[in-house]
Amino acid sequence: MADLLSMKDRVVVITGSTRGIGLATARLFGDHGARLVIASRKAEACAEVAADLAADGIETLAVPTHIGDRASCDNLIAETVRHYGGLDCLVLNAAINPVFSDLLALEEPAWDKILEANLTANWRLSRAAVPHLAARGGGAIVIVSSILGQFAMKNSGAYGIAKTGLFQLARQLASEVGPQGIRVNTVSPGAVLTDMIRTLVATREGWEAGTLAQTPLRRIAEPEDVAAAILFMASDAARHVTGQDLVVDGGRTIHHLSGD
């Protein structure tokens, strides 16, 4: 049987791919044969990651992208198609949570910024990508959501609302573009050892112990754990899966929702 996880020669755009989950995803997709587009806000970081991947024989294009800007989003897809001649997969990983605040205390500009970057930008990029995915006979969109889209959490209300919206974005898109052979799914990480989580561990006494106590597998995920789930959803291994969410949280949500 052919390798169902192979991404050989497929053109894959990954937003937020210069660190954390996005970088781990880029590395994994490249190791499985994908031709990559590295997209993040800082041009220097994009160029550095692209050079590192290219040094390992992974075909890579760097396209600095500000996900909060419509023209920049359109340019990302246009440059991808101009350089590679098409698009096979879009991984929407970039996200921000710049303000930790109770929902009713949040200033409106912060609300707008969080919803724009975490929800609207993903709709915008999907809209730009779909015609090119369809032109190849189909493809995949994988959106990185969060378990915070499933329950309330203090000081992260707007972020959680945006992440909840991504579930419905994926379902609606899956329904509309499925006849074109395009699959749309979400992956929902729990706590992952990124810079933000390392800061929480260092600055909030008891946070790590409390999180581990609520996680049946008793570990915090590595970015590579989430990257593997994204690869599955993008690959032919999930060729009959669309409009679904894959949770990667070590069991934290089932524990949390059980009330224990």
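Residue selection: Ala51 satisfies the criterion of being over 27 Å from Gly165 (Cα atoms), over 20 Å from the mean Cα position of the chain (by Cα) and not in a strand (DSSP E or B). Just the residues that are of a type in the set (Val, Ile, Thr), in a helix (DSSP H, G or I), at pLDDT 95 or above and closer than 27 Å to Pro223 by Cβ, please, taken from the range 115-154. Selection gives Thr120 alone.
Exactly one residue out of Ala128, Ala105 is free of Cβ contacts under 8 Å to residues at least 12 places away in the same chain and not β-branched (Val, Ile, Thr), and it is Ala105.
Among the residues that make up the range 189-197, is at least one of them loosely packed, with under 13 Cβ neighbours inside 10 Å, in a helix (DSSP H, G or I) and out of contact with any Asp or Glu (no Cβ under 8 Å at 6 or more places or on another chain)? Checked the range 189-197: at least one residue is loosely packed, with under 13 Cβ neighbours inside 10 Å, in a helix (DSSP H, G or I) and out of contact with any Asp or Glu (no Cβ under 8 Å at 6 or more places or on another chain). Checking each residue in the range 200-233 for being β-branched (Val, Ile, Thr), within 21 Å of the chain's Cα centre (by Cα) and either under 17 Å from His255 (Cβ atoms) or surrounded by fewer than 19 Cβ atoms within 10 Å (Cβ to Cβ) (or both) picks out only Ile220.
Applying a threshold of 9 Å to beta carbon distances and a minimum spacing of six or more residues, or different chains, the list of pairs starting in the range 88-101 at a residue that is within 14 Å of Met196 (Cα to Cα) and surrounded by fewer than 24 Cβ atoms within 10 Å (Cβ to Cβ) and ending at one that is of a type outside the set (Ser, Thr, Tyr) and at pLDDT below 85 reads Asn97/Met196; Val99/Asn155; Phe100/Lys154; Phe100/Asn155. If you go through the range 162-212 and keep only what is modelled with pLDDT of 90 or more, of a type in the set (Gly, Ala, Ser) and on the phi < 0 side of the Ramachandran plot, you end up with Ala162, Gly165, Ala170, Ala174, Ser175, Gly178, Ser188, Gly190, Ala191, Ala209. Can you say whether Gly243 is at positive phi, within 18 Å of the chain's Cα centre (by Cα) and of a type outside the set (A, V, I, L, M, F, W, C), as far as the supplied structure shows? Considered against the rule, which asks whether it is at positive phi, within 18 Å of the chain's Cα centre (by Cα) and of a type outside the set (A, V, I, L, M, F, W, C), Gly243 comes out as yes.
The values are calculated or read from the model by the stated rules, or taken from the named source; none is laboratory data. This structure is a prediction, so every number in the text was calculated from the model and none was measured. Heads up, the Cβs are rebuilt from the backbone with ideal geometry, glycines too, and the neighbour counts pull from every protein chain shown.
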